[in-house]
Amino acid sequence: MITKLIEIVYSFLWGDLIQIPLPGGSSVGISLLIILLIPMGIYFTVRTRFLPIRLFPDMVRALVGTKAKKDADGKSEKKEKKEKGSLSTFQTLIVSTATRVGMGNLVGVVAAISAGGAGAVFWMWVTALIGSSTAFIEATLAQLYKEKDPLYGGYRGGPAYYMHRYMERRQKKKKRYSLIAVLFAISGLICWCGISQVISNSVTSSLENAFSVPPLYTTIVLVALAAVIVLRKNATVKVLDLLVPVMAVCYFVLTIVIIFRNIGSLPQVFERIFQEAFGFRQIAAGGFGAVLMNGIKRGLFSNEAGSGSAPCAAAAAECENPVQAGLVQALGVFIDTIVICSCTAMIMLLVPEDLVAGLSGMELLQTAMRYHLGEFGVIFIAATLFMFSFSTFLGILFYARSNVAYLFGNNWLSQTAYKVMALVMLFAGGLAAYTVVWDLGDVGIGLMTIFNTAILYLLGGEALKELREYEAGKACKKKSLEE
């Protein structure tokens, strides 16, 4: 009975809710989540006046965090005391990037191109641009409604907290819980437990296929390593500070090496991407729907904009104003999709098509890496998958802190209990694939997205007001400097 209910809800959230016919006899199937996320992304992109493009330099500058102010004599004033345990904007970017950069950037991109062709890459880029605006709004709201964290130090927050405060204002009374906030928090915890199983199963499967390592051995190492980190008070962020930049830079640098080795083929790759994104051949052959939807789906579900996950990290930042945190998380979407996902796409598309015809998933990616770098490429991609997946697990447990605290209060028992449960799921997923649990995880993120998108329309005006004040302050500073 429960399994059937999960399947029904999963189909409702992720299945094709409507079909739009296209020329050539094809059609585009659109799921409920795409119906929610794409219009919202477009809406906030227009309302922020194309923030991802217009304020890209500000997004980069926001990474430096709080600076000491200067007095009238040009001397640096003493910086305000930093809240113990709080994170910098750069650290919150690291945490959110850890969860965004995962299996989706490897196997997910491979699946999108396998099903939708090279044109899917273009629509992935477009989705990232509009997703950046959504990420800005939800991260800014998380900063506006953050609160001090008495357990870990610093701050905590996220959608459950700004939903709760909105409902208190609307009902004009203090509440211990709000229904929509509780539903969001529960959905998040369900989602992240489900993801734990997907992570371990993907890692053990890839290492077994590449090196014939028994899943039990990989699982024991993975769980033991994770337990040592997550069961310590504040070790998670310290490990991610080291792991995420190393893995992202290594993957990016290796891709640049591959591109330079195949520089002559690069113009043809971009020509293929744009031709297949808009090509009449795809429309006539009935394949345009696959190109469009696979690119959009991969972009949406890789960068997570709108799902309400990344705001849990954004709320932990200590910064000069909420807009700074919003700009950093908007940059995170760019890093995930425009940079990391594009790296995987280039690795695949620079391989002769006849060598990878008929292949899919990790087999396709490993074949592409073997073509570029021989057996070292296969080893590198297995190690990269391990690091991407492991960092995702650490990141989602950081997110879970806020939701666990909202539901169960400020106590270490509930925090530790959830971590232990996630580790058990990590162990179970490494040994076998439980489809129902995976579907439950997808149901969790689908419900999170529904609750979060609803509240973003209601509260988004507050983030836009902060943006206007931020830009007005910039204009005043510029004018005073000119005078």
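The values are calculated or read from the model by the stated rules, or taken from the named source; none is laboratory data. Being a predicted model, the structure only gives us computed values, none of them experimental. When the accessible area is computed, the model is the full protein with side chains, heavy atoms only, and any ligands, DNA or RNA have been set aside. Shrake-Rupley method; radii C 1.70, N 1.55, O 1.52, S 1.80 Å.
Per residue, how much accessible area does region 307-448 show when a 1.4 Å probe rolls over the protein heavy atoms, in square angstrom?
Details: 4350 Å² over 142 residues.
Here the per-residue accessible area is 31 Å².
Which of rounded, prolate, oblate describes region 366-483, given a ≥ b ≥ c as roots of the alpha-carbon gyration tensor eigenvalues and a/c under 1.5 marking rounded, otherwise prolate only if a/b is larger than b/c? Don't skip to the end; give the middle numbers.
Values: a/c = 2.45, a/b = 1.38, b/c = 1.77.
Cα axes put region 366-483 in the oblate bin.
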query: What accessible surface, in Å², does a 1.4 Å probe find on Ser212, ignoring ligands, DNA and RNA and rounding to the nearest 10?
result: 90 Å²
- request: First compute the accessible area of region 237-279 with a 1.4 Å probe, then give the percent of it belonging to carbon and sulfur atoms.
  value: 75 percent
message: So if I take the centroid of the Cα atoms in region 124-150 and the same for region 187-222, what is the distance between those two points in Å?
response: 29 Å
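Suppose we take every Cα in region 300-434 and form the convex hull; what volume per residue is that in Å³? Intermediate values should be presented prior to the final figure.
Details: hull volume 21.2 nm³, N = 135.
Hull volume normalised by residue count: 157 Å³.
For region 357-444, give the percent of accessible area contributed by carbon and sulfur heavy atoms, probe 1.4 Å, rounded to a whole number. Mind showing how you got there, number by number?
Details: 2320 of 3280 Å².
Roughly 71 percent of what the probe reaches on region 357-444 is carbon or sulfur.
Which order do Ser480, Ser96 take when ranked by solvent-accessible area (1.4 Å probe, heavy atoms of all protein chains), largest first?
Values: Ser480 70, Ser96 0 Å².
The ordering from most to least exposed comes out as Ser480, Ser96.
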query: For region 146-216, what is the relative contact order in percent, using Cα pairs closer than 8 Å and at least 6 residues apart in sequence?
result: 18 percent
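Which whole-number value in Å² is the accessible area per residue of region 133-256, probe 1.4 Å?
On the way: 5230 Å² over 124 residues.
Here the residues of region 133-256 average 42 Å² of exposed surface.
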Potential extension, Val221-Ile8 segment - 0.36 nm per residue separation minus Cα distance: 73.1 nm
